[in-house]
Amino acid sequence: MFKSISKSRVSRFAAVTVTASALAMTMASSASASSQNDPVSWTNAATHACLNWRDNHGNPQPKAGVCDNATSSGRSQWRETPVDGKYWTLRPYGGDWTNLCLTSYNTLVYLEACQDGNWWQQWEEIWTANGWKLKHRGDGQVAGYFLDTDGIRLYTEPGNAGMNQVWR
């Protein structure tokens, strides 16, 4: 009888532990998700450069650089819009460029007019032990690449273990 009670208790403990672990993972995987009204910022774990956007004489472009989180016009602020619970679009927060989406094609990263259903504009936020990896969706046949930076340039590459693909 004692053994069956112990096994029962161990089984219940294991079930609670697995459930708690699953809940913690669920919370971690959605921790970066914010209200559509709240800006988010991404800082690279290796270079400490922020994912920025800038107006280059009417040609807005994403870039890596010094963080600028000013209240209403910070160039490091992005609005994340959920697509389907797994993917997000990232748009400059504030200013005249709120209908532009962070886009990646092959290894290029740029801003272009947001288009519903454009998988090249959709990003998955993948939690790692060191922070988040931002992976663009690709096109269903070509796997998406991960947002990467050398501290100056932004680009995408296949996944690797380097910290240049980790964002916080």
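The values are calculated or read from the model by the stated rules, or taken from the named source; none is laboratory data. Just so we're clear, the structure is a prediction, and the values are computed from it rather than from any experiment. Positions of Cβ are backbone-derived with ideal geometry, glycine not excepted, and every protein chain shown enters the neighbour counts. The protein model used for the area step is the full one, side chains on, heavy atoms only, and it has no ligands, DNA or RNA in it. Shrake-Rupley method; radii C 1.70, N 1.55, O 1.52, S 1.80 Å.
Give the long-range amide H neighbours of Val83: residues separated by 5 or more places, or on another chain, with amide H under 5 Å away, using H modelled in the peptide plane at 1.01 Å from N.
Trp88, Thr89
For region 58-70, just list the computed ³J(HN,Hα) in residue order, Karplus coefficients 6.51, -1.76 and 1.60, θ = phi - 60°, integers in Hz, with x standing in for Gly and Pro.
x, 10, x, 9, x, 7, 9, x, 4, 5, 9, 10, 3
Mind ordering 120-129, 74-83 by average Cβ neighbours within 10 Å, highest first?
74-83, 120-129
So for region 75-168, considering every pair of alpha-carbon atoms, how many percent are separated by more than 23 Å?
18 percent
So what is the accessible area of region 42-160 per residue, in Å², with the probe set to 1.4 Å?
Dividing the accessible area of region 42-160 by its residue count gives 49 Å².
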